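Trainee: Below is the structure I would like to discuss, written out as structure tokens.
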Amino acid sequence: MASTALERRRQRQESLFAYLLNAPAVVLILVLVLYPVGMSLWLSMHRYNLRRPETFEFIGLGNFVEVLSSYEFWHALQVTLYFTALSVGLVIAVALGIALLFNESFSGRGIVRSLLLIPWAVPGVVNGLMWVGLLGEYGPFNEMLGDCVELFNRATGAQVDYMGMASPVVALNAAIAAHVWRSVPFACIIFLAALQAIPAEQYRAARVDGASSWNRFRYITLPWLLHPILIVSIYETMNGFRTFDLIFTLTGGGPGDATYVIAWQTYKEAFGRLDFGRANAYSYLIAFITMGLAVVYVRLLYRRGTVQG
Amino acid sequence: MARVSIEHLRKTFGDVTAVDDLTLEIADREFLTLLGPSGCGKTTTLNIIAGLESATSGRVLFDGDDVTEVQPERRDVAMVFQTYALYPHMRVYDNIAFGLRMRGTPRAEIERRVAEVARAMEIDQLLRRKPRQLSGGQRQRVALARTIVRDPRMFLLDEPLSNLDAQLRVSMRTELKRLHAELEKTFIYVTHDQAESLIMSDRIAVLNLGKLQQLGSPEEIYNQPANAFVAGFVGSPPMNFFAAELRCDAAGCWRVENDEISCEITPSRAQNLAVAAPLQVQLGVRPEDVEVVDVERPAGHASVVVREPMGSDLFLTLEADGTTFKARTHPDGGFKRGERLAFSFAADKVHLFARETGENLLAAGA
Amino acid sequence: MKRGFVGQVVLYGLVLLATLYIVTPFVWVVAASFKQEREAAQRHWLPRQPTAANYSLYFPDQDNSAEIGAATARQFPRAIVNSLIIGTAVMGVNLFFGALAAYALARVNFRGSLLLLLCYLGTRSVPGVAIMIPMYLVIRSYGLLDTHLAVILAHSTFTLPFTIWILKGYFQTVPLDLERAARVDGCTRLGALFRVFLPVTAPGMVAVGIFAFIASWGEFLFALLFTSTIFSKPVTVVASDFAQELQVSFTVVAAGGVLVVLLPVVLAFVFQRFIIHGIGGAVTG
């Protein structure tokens with residue numbers, strides 16, 4: 001049935017109305033996201049250092065070649081990947097555990113669930129400062145770790161020196177611990193929402209069918225949680241990649257370059273060395289990696305039919 | 001005054017045609033029901049009358065004025081929704097007053113009219129409450145009060161009773177009929193419940209797949225269905241259908257036959273038949289027209305499969321050689337499951353439908 | 001389901017463990033903020049002689065400018081005001097423009113809606129570091145460096161897509177009949193939006209508003225880049241100065257941290273029902 005001219009006009013009016021309502025958000029995103037994304041590519045192909053603002057010269061992929069052949073990039077990428085992979089794994093494991101636990105019925109459940117909101121509401125900067133104290137010379141976690149190493153030494157006769165945050169291994173993993181602590185609640189709340197969405201009849205039906213509690217978890221709970229787990233892992237992957245504020249206050253990238261995550265490296269390149277050209281090459285590489293992840297994100301969501309158009 | 005004319009109305013959603021060339025004239029103060037199964041286009045039609053959806057083509061006229069392009073807020077119609085659509089953030093009073101406020105009615109008059117309607121609808125005790133504190137029946141009353149208070153030119157009702165429990169539905173039917181009589185306004189009522197439509201309407205428009213199947217009084221719809229769809233949709237339990245062949249014997253007498261049944265058509269009705277026999281037809285017989293007591297000239301034999309006593313009636317599910325159908329009879333008939341019996345059809349009540357088109361071959365105007 | 005005694009004990013044990021994990025770091029910091037400076041080096045958790053001295057550093061009328069860290073601490077009240085201004089504006093932008101966009105996406109059937117949705121989803125996944133330099137240059141070219149507006153724009157850009165996404169899902173749960181009833185009752189389309197639709201969706205709006213506020217309050221990278229003086233620096237940027245001042249006692253830093261965290265934590269508690277619903281809805285909605 002062909003639509004009439006009248007209807008087409010009406011459809012155009014509808015579209016116009018909708019675009020009008022979306023205009024402010026779209027303009028903001030165009031000016032402050034899409035335009036910068038394009039400009040970033042343009043800048044990344046130039047020699048552009050604020051220390052020598054008069055030189056702005058096109059060098060094609062020169063910055064990329066420089067970055068990709070530098071130790072700093074690969075080191076930062078390696079640190080970031082380690083940081084992100086471990087964070088994602090830990091966040092999911094801890095959040096899932098807590099969510100399953102808090103989904104049981106016990107007195108005080110409401111209170112402990114609201115306590116979850118504390119780490120979530122702590123800004124990253126403050127989280128870093130907090131863990132400076134917690135892991136600092138007199139911090140409780142520092143002492144606990146020290147005691148553990150001492151016990152380990154005594155038990156095995158090993159001679160492991162514990163240097164606290166001065167040790168690269170401790171610093172990086174401490175940053176992960178701090179990051180995970182702050183990220184768990186969000187994931188946990190998502191998992192709890194997913195758990196509550198499981199119809200109780202399914203469990204009753206499974207019990208009637210004689211399924212053991214493990215089987216009920218395996219065949220009912222887990223399938224319902226797959227989608228939230230997917231979302232959390234992608235969300236946390238992106239979060240890991242962009243971690244900056246925590247590093248800024250907790251380690252400042254140190255000791256040495258042990259916690260130079262890629263966001264920190266880019267920041268240093270741009271606002272430390274003022275090398276905007278090279279920093280933009282960094283930016284573009286990060287954008288490339290995370291956009292790739294975003295595509296996977298959208299794809300996976302679509303396959304599961306959760307995005308309604 | 002509110003006469004509604006719908007002219008060649010068509011509405012498509014992409015490839016789906018919801019309303020297909022619908023032409024309908026609704027008289028002032030009439031109670032007209034749009035009846036049909038879900039997806040037949042009845043709600044779409046109502047929404048177009050209200051202005052909530054736009055027509056793909058065709059016109060809607062109120063008292064001769066073309067309102068097709070008029071926004072809903074300027075049509076002065078009132079609507080009751082299936083979900084009631086009470087504003088959850090407003091108290092009952094404000095729900096009822098909302099439409100008046102939007103029209104700039106003076107405050108004192110709003111108060112007076114809301115109080116008056118609330119008293120009439122017996123919800124004056126509930127005015128301070130929020131909708132979620134009301135029962136289903138109370139919400140229904142508020143929804144009605146909200147429309148009545150505005151004194152609109154017509155009332156549009158979209159399945160207003162379908163969310164009520166069975167008892168409340170019956171009493172609200174009566175109430176709506178009373179309201180219609182008192183308000184003296186045009187009511188356009190949408191329902192999928194054929195019993196409701198028969199009880200309440202002045203006229204019924206039966207829709208299927210976006211097309212008007214029949215327009216007529218409840219009696220016409222029930223006794224002279226225009227086609228097999230209307231016949232099967234209206235009436236409960238539904239009409240029995242038998243695939244059969246229409247023949248004309250040497251004496252000029254018309255008979256409908258298949259392997260199990262044989263039934264004669266009353267000559268006075270057969271004169272409407274303008275077809276060439278033999279013809280493949282559907283024989284339609286309502287359960288109350290299947291006779292199982294004192295059968296003189298049996299149309300066939302069947303055995304009782306299920307007995308359903310309903311108090312004043314007894315419904316029998318009969319089986320004749322693989323065909324099952326229902327018969328209504330008196331509860332003291334004493335039929336037993338498995339019992340074999342002879343049956344016949346009330347010759348002046350049976351319907352014949354063309355197998356291909358479903359058209360009623362015996363209808364007076366056919 | 002009935003749990004045995006052992007089951008109960010195990011359950012409550014695990015709950016205690018999980019709760020300790022969640023609150024311990026924060027509780028320790030709060031406790032530290034009430035300690036005397038010399039107590040900071042001792043192993044006990046609770047302050048033996050609780051003092052508010054650490055907090056008094058943050059109030060400029062006290063003459064303790066000689067204390068280490070006082071220079072940073074003195075900036076806090078003004079920085080908190082800056083954060084409030086920025087956060088409130090970001091919340092307003094999100095609620096107003098986010099609601100309009102989400103309404104169109106949820107209610108109007110138009111060509112390109114899917115593309116728009118994907119555009120928002122894509123923006124959500126652009127990491128700030130990837131566009132910080134061009135964004136910095138854009139802001140600089142408009143002469144907006146060191147203004148509240150620069151930070152407000154940046155934060156709005158990054159919160160809007162999430163707001164729109166959540167609100168769209170939420171709006172779709174509101175029955176269409178409500179707006180239709182309003183139209184029939186005499187509202188124009190925008191009238192129905194503002195008089196019926198938006199009031200009805202107030203809970204969802206509160207959730208995303210608080211979300212946007214807390215996100216803005218805690219954001220650091222763009223605030224750091226776009227502000228340079230106390231006239232626009234939000235509290236996260238001021239607090240980050242402590243990271244450079246190694247000789248500041250942790251008790252002072254802890255007090256500052258508590259001051260920064262106070263408002264978002266209180267908001268999170270007050271609006272917890274909305275927030276938990278909102279986060280949950282981000283996935284299930």
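Trainee: Rounded to the nearest 100 Å², what's the accessible area chains B and C bury against each other, both chains counted, probe 1.4 Å?
Mentor: Approximately 1700 Å² gets buried when B meets C.
Trainee: Multiplying the sequence separation of A:Gln196 and A:Ser69 by 0.36 nm and subtracting their Cα-Cα distance, what value in nm do you get?
Mentor: Fully extending the segment from A:Gln196 to A:Ser69 adds 40.7 nm.
Trainee: At a 1.4 Å probe, which residues in region B:72-89 are at least 30 Å² less accessible with all protein chains present than in their chain isolated?
Mentor: Residues passing the criterion (a loss of at least 30 Å², heavy atoms only) are B:Pro72, B:Glu73, B:Phe81, B:Ala85, B:Tyr87, B:Pro88, B:His89.
Trainee: Still on this structure, please answer the following. Which distance in nm do the two modelled labels at A:Leu61 and B:Ser217 give, with both placed 7 Å along the Cα-to-Cβ direction?
Mentor: Result: 8.7 nm between the two label points.
Trainee: Carbon and sulfur: what percent of chain B's accessible surface (1.4 Å probe)?
Mentor: The computed percentage sits at 47.
Trainee: Give the C-A buried accessible area in Å², both sides summed, 1.4 Å probe, nearest 100.
Mentor: That pair hides around 8500 Å² of surface in total.
Trainee: If you don't mind, another one. Applying a 10 Å radius around every beta-carbon, put A:267-276, B:124-133, A:126-135, C:121-130 in order of their mean neighbour count, most first.
Mentor: In descending order of packing, they fall as A:126-135, C:121-130, A:267-276, B:124-133.
Trainee: What whole-number value in Å² describes the accessible area per residue of chain A for a 1.4 Å probe?
Mentor: About 46 Å² of surface per residue is accessible.
Trainee: Give me the accessible area per residue for chain B, probe 1.4 Å, as a whole number in Å².
Mentor: 45 Å²
Trainee: How much of the accessible area of region C:165-258, in percent, comes from carbon and sulfur atoms when a 1.4 Å probe is used?
Mentor: Looking at region C:165-258 in its full context, I get 65 percent from C and S.
Trainee: While we're on this one: Does anything in region B:327-352 have its amide N under 13 Å from the 7 Å Cα→Cβ label point of B:Arg297, and if so which residues?
Mentor: Backbone N within reach: B:344-348.
Trainee: Further question: Percent relative contact order of region C:117-196, based on C-alpha pairs within less than 8 angstrom and at least six residues apart?
Mentor: Once normalised by length, the contact order is 34 percent.
Trainee: Here's a follow-up. Any idea of the accessible area per residue across region C:74-284, 1.4 Å probe, to the nearest Å²?
Mentor: Result: 33 Å² of accessible area for each residue.
Trainee: Same structure, new question: Which entries in the list B:Lys130/B:Lys185; B:Lys42/B:Lys177; B:Lys326/B:Lys349; B:Lys42/C:Lys168 go over 26 Å, if you measure between the two C-alpha atoms of each? Numbers along the way, then the final one.
Mentor: On the way: B:Lys130/B:Lys185 29 Å; B:Lys42/B:Lys177 20 Å; B:Lys326/B:Lys349 15 Å; B:Lys42/C:Lys168 29 Å.
Too far apart for the 26 Å limit: B:Lys130/B:Lys185; B:Lys42/C:Lys168.
Trainee: Using protein heavy atoms only (no ligands, DNA or RNA), what is the total accessible area buried between B and A, 1.4 Å probe, nearest 100 Å²?
Mentor: Looking at B and A, the buried total is near 700 Å².
Trainee: Okay, next question. Is there a quick way to get the dipole size of chain B? I mean about its Cα centre, with the Cβ of Lys and Arg at +1 and of Asp and Glu at -1; what is the value in debye to the nearest 20?
Mentor: In total the dipole reaches around 1800 debye.
Trainee: Taking the Cα centre of the protein assembly as shown as origin, work out the dipole magnitude from +1 charges on Lys and Arg Cβ and -1 charges on Asp and Glu Cβ, in debye rounded to 20. Before the final figure, lay out the partial values.
Mentor: On the way: 85 positive and 83 negative charges, 382 e Å.
Magnitude of the dipole: close to 1840 debye.
Trainee: Hey, if we sort B:Phe13, B:Phe187 by accessible area with the 1.4 Å probe, largest down, what's the order?
Mentor: Most to least solvent-accessible, the answer reads B:Phe13, B:Phe187.
Trainee: Residue by residue through A:110-120, how many Cβ atoms from other chains fall within 10 Å of the Cβ on average?
Mentor: 6
Trainee: In whole percent, how big is the carbon plus sulfur part of the accessible area of region A:132-208, probe 1.4 Å, protein atoms only?
Mentor: With neighbouring chains kept in place, the figure for region A:132-208 is 62 percent.
Trainee: Would you work out if the protein assembly as shown is rounded, prolate or oblate? Take a ≥ b ≥ c from the square roots of the eigenvalues of the alpha-carbon gyration tensor; rounded if a/c is under 1.5, else prolate when a/b is larger than b/c, oblate otherwise.
Mentor: prolate
Trainee: While we're on this one: Mind checking the mean number of beta-carbon atoms from other chains within 10 Å of the Cβ atoms in A:252-264?
Mentor: The per-residue average across the peptide is 1.
Trainee: How shielded is A:144-152 by partner chains, expressed as the average number of their Cβ atoms within 10 Å of its Cβ atoms?
Mentor: What the average comes to for A:144-152 is 0.
The values are calculated or read from the model by the stated rules, or taken from the named source; none is laboratory data. Note that this is a predicted model, so its numbers are computed, not measured. Every residue, glycine as well, gets a Cβ built from its backbone with ideal geometry; the counts of neighbours run over all protein chains shown. Note: accessible area is taken over every heavy atom of the protein model, side chains too, but ligands, DNA and RNA are not part of it. Shrake-Rupley method; radii C 1.70, N 1.55, O 1.52, S 1.80 Å.
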